[in-house]
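*Asks:* One structure, as structure tokens, below. Some questions next.
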Amino acid sequence: MMRLFKKKEDCGTLQVDDQSIVAIADGRMIDIAAVPDDVFSQQMMGTSTAFAFLQDEVTLSSPANGILSVLFPTGHAYGITMKDGTELLVHIGIDTVQANGDGFTILKHQGDCVKAGDPIVTVNLKKLRKKFDMSVMLIVVKKGTQEINFAKPCAVERGQNILDSQLKAA
């Protein structure tokens with residue numbers, strides 16, 4: 001039987017404004033203080049939140065509209081510069097730079113214009129968990145024009161706004 005109407009495919013791009021910061025995949029926001037690395041848990045790099053993903057493999061997306069201003073060749077970290085100058089860094093796992101890219105598949109290029117929800121890197125969590133803590137941190141390394149406060153730990157879906165003023169903790 002031929003299907004005339006197909007289910008709408010998820011193209012990866014969400015419709016969010018230039019001030020929004022969203023969840024990078026389906027998972028759980030966790031308390032940044034629980035991350036087993038002082039640089040992250042004490043927010044030494046800037047205001048931060050963290051995520052836990054339970055899947056064996058996850059595709060992490062852009063947390064905001066902007067430019068993919070940093071993309072480490074190992075795939076373990078990437079940065080987005082938002083229109084207002086806010087700079088966000090997504091750091092995948094603790095000490096995962098030591099994996100030398102094994103377990104990471106890069107989907108974009110540094111310098112690309114991205115929208116919130118655009119896939120950036122696919123991560124083989126099952127493989128990497130054998131050696132590394134796979135907490136994923138989202139850090140505001142440079143503030144732009146807006147005050148950024150992340151919501152309290154809760155379950156999130158890719159593309160869901162994660163700023164405190166936009167989300168109620170679950």
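Every number here is computed from the coordinates shown, using simple stated rules; none is lab data. In this text the structure is predicted, and so the values were computed from the model without any measurement. Cβ: placed from backbone, ideal geometry, glycine included. Neighbour counts: every protein chain shown.
*Asks:* Please turn the phi angles of segment 134-148 into ³J(HN,Hα) values with the Karplus equation 6.51 cos²θ - 1.76 cosθ + 1.60 (θ = phi - 60°), one per residue in order, whole Hz, x for glycine and proline.
*Replies:* Each residue of segment 134-148 in turn: 9, 4, 10, 9, 10, 10, 8, 7, 8, 7, x, 8, 9, 7, 10 Hz.
*Asks:* In what order do CYS154, CYS113 fall by count of nearby beta-carbon atoms within 10 Å, going from fewest to most?
*Replies:* Numbers: CYS154 15, CYS113 11.
Least to most surrounded, the residues fall as CYS113, CYS154.
*Asks:* Pull up all non-local amide H partners of ARG28: gap of 5 or more, or a different chain, and H-to-H distance under 5 Å with H placed in the peptide plane.
*Replies:* For ARG28, the qualifying residues are ALA52, VAL156.
*Asks:* Which whole number of Å³ per residue matches the convex hull of the alpha-carbon atoms in the chain?
*Replies:* So the per-residue Cα hull volume is 136 Å³.
*Asks:* Which residues does the label zone of ASP164 cover in segment 28-53, counting backbone N under 16 Å from a point 7 Å along Cα→Cβ?
*Replies:* It comes to 30-33, 43, 46-50, nothing else.
*Asks:* From the helices alone, meaning DSSP H stretches of at least four residues, give me the mean residue ellipticity at 222 nm for the chain, per-run term -39500 (n - 2.57), in deg cm²/dmol to the nearest 500. Let's see the in-between values first.
*Replies:* Details: 2 runs with 9 residues, N = 170.
Computed ellipticity for the chain at 222 nm equals -1000 deg cm²/dmol.
*Asks:* Right, something else. Radius of gyration and Dmax for segment 111-170's Cα atoms, expressed in Å?
*Replies:* Spelled out, the Cα radius of gyration and Dmax of segment 111-170 are 14.4, 40 Å.
*Asks:* Return the whole-Å distance between the Cα centroid of segment 44-65 and the Cα centroid of segment 86-129.
*Replies:* 9
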